[in-house]
1. Is there a residue in the stretch 366-381 that is assigned to a strand (DSSP E or B) and farther than 23 Å from Leu226 by Cβ?
2. Quick check on Thr450: is it assigned by TED's automatic domain parsing to the domain that holds Arg509, modelled with pLDDT under 95 and polar (S, T, N, Q)?
3. Looking only at the stretch 516-531, which residues are part of a loop (DSSP other than H, G, I, E, B) and closer than 13 Å to Arg472 by Cα?
4. If you go through the stretch 454-490 one residue at a time, how many are out of contact with any Phe, Trp or Tyr (no Cβ under 9 Å at 6 or more places or on another chain), outside any loop (DSSP other than H, G, I, E, B) and modelled with pLDDT of 95 or more?
5. Does the stretch 235-250 contain at least one residue that is of a type in the set (A, V, I, L, M) and in contact (Cβ under 8 Å) with a residue 60 or more places away in the chain?
6. With Gly209, Gly228, Gly217 as the choices, which residue is assigned to a strand (DSSP E or B), touching a residue at least 40 places away in the same chain (Cβ under 8 Å) and surrounded by 13 or more Cβ atoms within 10 Å (Cβ to Cβ)?
7. Which of the following residues is at pLDDT below 95 and hydroxyl-bearing (Ser, Thr, Tyr): Tyr314, Tyr399?
8. Filter the stretch 434-451 for residues that are surrounded by 20 or more Cβ atoms within 10 Å (Cβ to Cβ) and aliphatic (A, V, I, L, M); which is farthest from the chain's Cα centre (by Cα)?
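The values are calculated or read from the model by the stated rules, or taken from the named source; none is laboratory data. Bear in mind that the values here come from a model prediction, so they are computed numbers and not experimental data. Cβ placement follows ideal geometry from the backbone for every residue including glycine, while neighbour counts extend to all protein chains displayed.
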Amino acid sequence: MKKTIIHHCIIGLTLFCVFTIPTAIAAIKLPAIIGNNMVLQRGIKVPLWGWATIGEEIQISFQGKVFKTTADKEGKWFVKLSSYKAGGPFEMSLKSNESQIELKNILIGDVWVASGQSNMEFGIQNEKTGTEEIPKATDSQIHMFYVPMASALEPQKDIATVPAGSRNGQWIVCSPEAMADTKWSWHGFSAVGYYFAKELRSSTGSPVGMIATYKGGTPAQAWISLPGLQQAPAFSNYINNHQSFLDNYEKVKQEYPAKEATFQAAFKQWNLQQTGAKPQAPTRPDGGFSAPSNLYNAMVSPLVPYGIKGVIWYQGESNADKLPQALEYKSLFPRLISDWREKWGQGNFPFLYVQLANIRKPAETPSEGIWPWLREAQLKTLSVTKTGMAVITDIGEAYDIHPTNKKDVGIRMALIARKVAYKEKLVYSGPVYKCMKIKRNTVELSFENTGSGLVGNNPILKTNTLASDHLRGFGIAASDGKFVWADAVLKGNKIIVSSDKISKPVAVRYNWADNPTGTLYNQEGLPATPFRTDNFPANQ
């Protein structure tokens, strides 16, 4: 397993995005995202675009109507079709004086972008129940598009070129054969993305298109456009970093082949012996996958402005390595959401995301670690309109940053989508801290999203070995900010927190650790998000 993962990373490092569109094209050319088997977003005027000879008129025939547009001085054309109801399959014809393209098996439904880093990338073939699910993946109303991994210093007009015969970079109809293809993505299509789509098919009955654009081990700033970063002075370090890659690109480009050859030889030797420090790959001329804006440029820009319903996002681990970066996420992540919405130009589409799972050894104290601070940044991002967050601090794995249970993640994300995107009346979130009252030596906590009522264990998994009205995971502190484990007891939909060690409490924290052990849920089996009632400095 170790060698397989390393090999995957090395392959990823060899992908470059150098695609450009010539200004004069003899025939109609479409971006990769527009093609056979595509899913068009229902309920909006569908955007289509491509390239052709300058001044050439393009006619698009679809659903009994003809739409006309003309290629501009750069050879690009753009048109919006009508708004359509869910259905299909349909065919589309695109004609010019010089060429004609026929597209088949087009569905109209809801299109979602699945993005982030490795836990979104985690393929269905390695998922906990994937072996059982793949043979059942027969719903031809789910179509998937995988964006090949690439990076670029400038926004690209289309995705990186893929080898002939590859499933990457084209719309694929869901089937057991496709889902079991070991050469498609990283051990298959995103498990979270697939389970999310499967749940939406069940709840909406409409076709679902999933666009997968993700890359393991990447920080949020790599997914934000340069203009998006430039809007916030606090991100000037990322802008300067991007500029340095631009300034040194030609020099590094000349030196890179020799450095890469040396690295590959050293890595080959290390991989055989598995001794000593692992060789470090040289920095790519463009800065690579983690450099500011590089993934937006190569893996998001080519998708804009394809019509979408919304985004599901699973990322944050790479911004939680150090405390300053984790604290920065509270402004960086909302900037990413705003940037994508601005670029797509479709208004405030739903942006749903996964809070970081539990990791490392179980908590020894009621306040420890860096990940709680990034989780807090994710929690605060719920103040951004049309967002939703799936809490998964109860289904991670202590010693694996890639927990294999992605089915429950996808189900919880779909539940949120049904509320935020589809306006269903249902319980979609676990308890969220609302306010507190200090009563002598106790603290009374109130919550939102209590559902059918608060409980002291997961009603499905039965996670608590204590009495169901006694809770784990709570810490309490006096004004010195030193937290100790607390007694926490349910009283209706409120929680009374106390400790015989704290006579004058001022603050409470819940699940404030990399691997918290809390047991607060609502009756619907959804876990409470970690929270704190204080504003103590982050080093406390």
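1. So in the stretch 366-381, the residues assigned to a strand (DSSP E or B) come out as none.
No: the stretch 366-381 contains no residue that is assigned to a strand (DSSP E or B) and farther than 23 Å from Leu226 by Cβ.
2. Details: assigned by TED's automatic domain parsing to the domain that holds Arg509: yes; modelled with pLDDT under 95: no; polar (S, T, N, Q): yes.
So Thr450 does not fit the description; no.
3. Pro516, Thr517, Gly518, Thr519, Leu520, Ala528, Pro530
4. Qualifying residue count for the region: 3.
5. Going through the stretch 235-250, the residues of a type in the set (A, V, I, L, M) turn out to be 239, 246.
Right, trim to in contact (Cβ under 8 Å) with a residue 60 or more places away in the chain and you get 246.
Yes: one or more hits.
6. Values: Gly228 fails: assigned to a strand (DSSP E or B); Gly217 fails: assigned to a strand (DSSP E or B).
Every option except Gly209 fails the conditions.
7. Values: Tyr314 fails: at pLDDT below 95.
Only one candidate qualifies: Tyr399.
8. Looking at residues that are surrounded by 20 or more Cβ atoms within 10 Å (Cβ to Cβ) and aliphatic (A, V, I, L, M), I get Val443.
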